[in-house]
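Notes for the one structure printed next.
The values are calculated or read from the model by the stated rules, or taken from the named source; none is laboratory data. Source: prediction; values computed, not measured. Here the Cβ is made from the backbone with ideal geometry for all residues, glycine too, and neighbour counts use every protein chain on show.
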Amino acid sequence: MASNEGPQVSQTALEMIDITKTFPGVVALDRVALTCLPGEVHALVGENGAGKSTLMKILAGVYRPDSGRIKLNSREVGLASPSQARDLGIAIIYQDFNLLPWLSATENILLGHLPRTGLGLIDWTEAGRRAQAVQERLGICLDLREKVIDFSVAEQQLVEIAKALSWPKDPSLLIMDEPSAVLAGHELDQLFKIIRTLRGQGVTVIYISHRLDEVFQIADRVTVLRDGRVAGSGEVAGLDKPRLISLMVGRSLDETFPPSSGRPGRVVLEVKGLSSLDLGLSGVGLTVREGEILGLAGLVGAGRTALAKVLFGLAPADEGEMLFQGRPLEARNPRRAIQSGLALVPENRKEQGLILSQSLRSNGSLVILERLKKWLFIDSRRELQVIRRQVEEMDIKTPSLDQEVGYLSGGNQQKVVLAKWLSTSPKLIIMDEPTRGIDVGAKAEIYRLMRRLADQGTAIIMISSELQEIIGMSDRVLVMARGRVAGELAGPEATEERIMTLAVGETLPGVC
């Protein structure tokens with residue numbers, strides 16, 4: 001795999017040549033080159049902080065490079081703004097959805113260019129026709145009149161894709177930043193079907209993902225960034241997973257999941273007949289033991305996160321029984337749950353797990369402030385000792401303890417969330433998508449930490465949309481579907497095929 005700008009071809013859809021971008025004290029990109037061919041899916045991979053997002057923001061007109069050139073269809077262009085990039089046929093779908101939830105799917109799809117009548121009013125008939133035309137192009141089926149807030153996450157992803165393709169000038173280059181982060185199973189299959197449809201229509205797709213299996217499944221070629229430089233670029237067919245990981249992290253990395261070193265102990269949590277009408281849970285039952293990692297699998301909307309919310313006191317149950325260490329669990333609110341010995345690592349660390357504008361120190365001590373009190377004040381010396389221990393034990397990379405966590409990489413942010421909860425010495429940790437949006441190196445560290453905690457007797461409930469992660473890390477797997485436990489699998493029974501057979505619903509989102 002050559003460390004250059006890719007194969008020499010007679011026609012290219014995109015050439016980014018010697019792109020350099022610096023921020024105060026940081027060289028984000030150092031003479032990076034990227035070449036994409038017409039109608040190909042080109043994967044862009046690398047660890048957090050490697051420069052992927054910066055490079056794509058330059059291509060989308062959000063940032064301007066310090067130096068370098070950009071060519072579209074062999075013609076050099078300047079990209080001074082997102083609107084200029086859009087006019088040149090470049091569309092981008094960011095990982096964090098950019099939708100207006102209280103507007104309809106049609107309004108979101110055509111946002112910024114809704115058709116008008118001669119009197120300047122919105123032409124709803126024409127708007128509906130245009131939105132429907134985009135649907136048909138993608139082969140999807142949504143209720144375009146419905147508000148986006150009522151859509152599932154998978155359906156919202158479809159709206160984002162439709163929005164990117166709805167502008168008067170059809171995009172010839174589509175950037176997709178972690179589009180599969182919230183998808184699993186058939187939802188992921190549908191995304192890949194859409195991408196193949198676009199490729200067949202001549203659209204070049206740049207696909208950013210931390211899920212390396214997807215690179216081999218969907219991409220034609222791949223470019224690897226490491227520390228702001230190109231580590232390699234070439235055809236996916238000429239690579240294997242260990243080689244790709246080595247290019248990303250600069251070393252070989254054993255991505256096998258660490259094995260369990262013991263047998264589960266006493267039952268920590270027992271749930272019987274748990275139901276919540278508002279959250280769609282019905283008759284859920286489960287047990288989890290000391291030293292056990294219980295995996296919760298299922299499609300988006302199956303009820304996994306809803307169950308976590310009820311267990312942690314974020315939402316009430318209508319009926320059912322929860323026993324924690326043999327006693328009734330009355331987690332009416334998170335404070336009571338924490339006092340009982342529960343911890344929750346939420347699926348969205350940026351919105352639910354961290355205060356991004358606050359320091360690492362403030363975030364790390366947030367849930368143990370009562371313990372750190374000395375009279376009416378926080379014992380700063382004890383707080384500092386706790387945070388230093390967190391940073392050392394979790395190997396958190398940070399310039400200082402006063403660094404705002406919003407500026408840390410995704411992997412280090414996730415470590416801060418975990419460290420915060422481990423300071424409470426929990427008996428049971430619920431981890432909702434613990435490795436979402438972090439690179440392979442950070443994933444391996446999280447896996448080792450989870451297994452170490454389990455070996456020390458901590459019970460773990462792990463919710464994950466990555467089937468290999470579920471199978472590799474779980475001692476047992478519960479599969480949820482439509483708010484119920486559809487089945488339990490253990491050992492050799494826990495295969496991707498059997499999990500998906502249990503998880504699949506009657507209908508798939510957005511499919512006609």
For segment 263-291, the count of residues that are crowded, with 16+ Cβ neighbours inside 10 Å and more than 16 Å from residue 322 (Cβ to Cβ) equals 3
How many residues are within 20 Å of residue 134 (Cβ to Cβ) and either surrounded by 11 or more Cβ atoms within 10 Å (Cβ to Cβ) or touching a residue at least 60 places away in the same chain (Cβ under 8 Å) (or both) when one looks only at segment 101-123? 16
May I ask you to list pairs of residues, at least six apart or on different chains, whose Cβ atoms are under 7 Å apart, with the first in segment 45-56 being part of a loop (DSSP other than H, G, I, E, B) and the second being modelled with pLDDT under 85 and hydroxyl-bearing (Ser, Thr, Tyr)? 48/409; 49/409
Residue selected from segment 140-157 under the condition part of a helix (DSSP H, G or I) and among the acidic types (Asp, Glu), by the criterion farthest from residue 192 (Cα to Cα): 150
Are any of the residues in segment 189-207 at pLDDT below 85, surrounded by fewer than 20 Cβ atoms within 10 Å (Cβ to Cβ) and either among the charged types (D, E, K, R) or touching a Lys or Arg at 6+ places or on another chain (Cβ under 6 Å) (or both)? yes
Kindly indicate which of 64, 69, 137, 129 is at pLDDT 90 or above, among the basic types (Lys, Arg), surrounded by fewer than 18 Cβ atoms within 10 Å (Cβ to Cβ) and assigned to a helix (DSSP H, G or I). 129
Hey, any hits in segment 165-178 for a residue that's under 20 Å from the mean Cα position of the chain (by Cα) and more than 30 Å from residue 479 (Cβ to Cβ)? yes
Please go through segment 284-301 and give me each residue that is within 21 Å of residue 155 (Cβ to Cβ) and free of Cβ contacts under 8 Å to residues at least 40 places away in the same chain, ordered by number. none
Checking residue 433 against (1) in contact with a helix residue (DSSP H, G or I) (Cβ under 6 Å, 6 or more places away or on another chain); (2) closer than 30 Å to residue 246 by Cβ, only one condition comes out false. Which one? (1)
I'm told residue 98 meets every condition in (1) touching a strand residue (DSSP E or B) at 6+ places or on another chain (Cβ under 8 Å); (2) in contact (Cβ under 8 Å) with a residue 60 or more places away in the chain; (3) loosely packed, with under 15 Cβ neighbours inside 10 Å except one. Can you identify the failing condition by its number? (1)
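So that you can scan it fast, the table gives a plain yes or no per residue for (1) exposed (fewer than 15 other Cβ atoms within 10 Å of the Cβ); (2) basic (Lys, Arg); (3) more than 19 Å from residue 258 (Cβ to Cβ):
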position	(1), (2), (3)
384	yes, no, yes
388	yes, yes, yes
392	yes, no, yes
413	no, no, yes
418	no, no, no
422	no, no, no
435	no, no, no
443	no, yes, no
449	no, no, no
In segment 454-464, which residues are within 16 Å of residue 414 (Cβ to Cβ) and surrounded by fewer than 19 Cβ atoms within 10 Å (Cβ to Cβ)? none
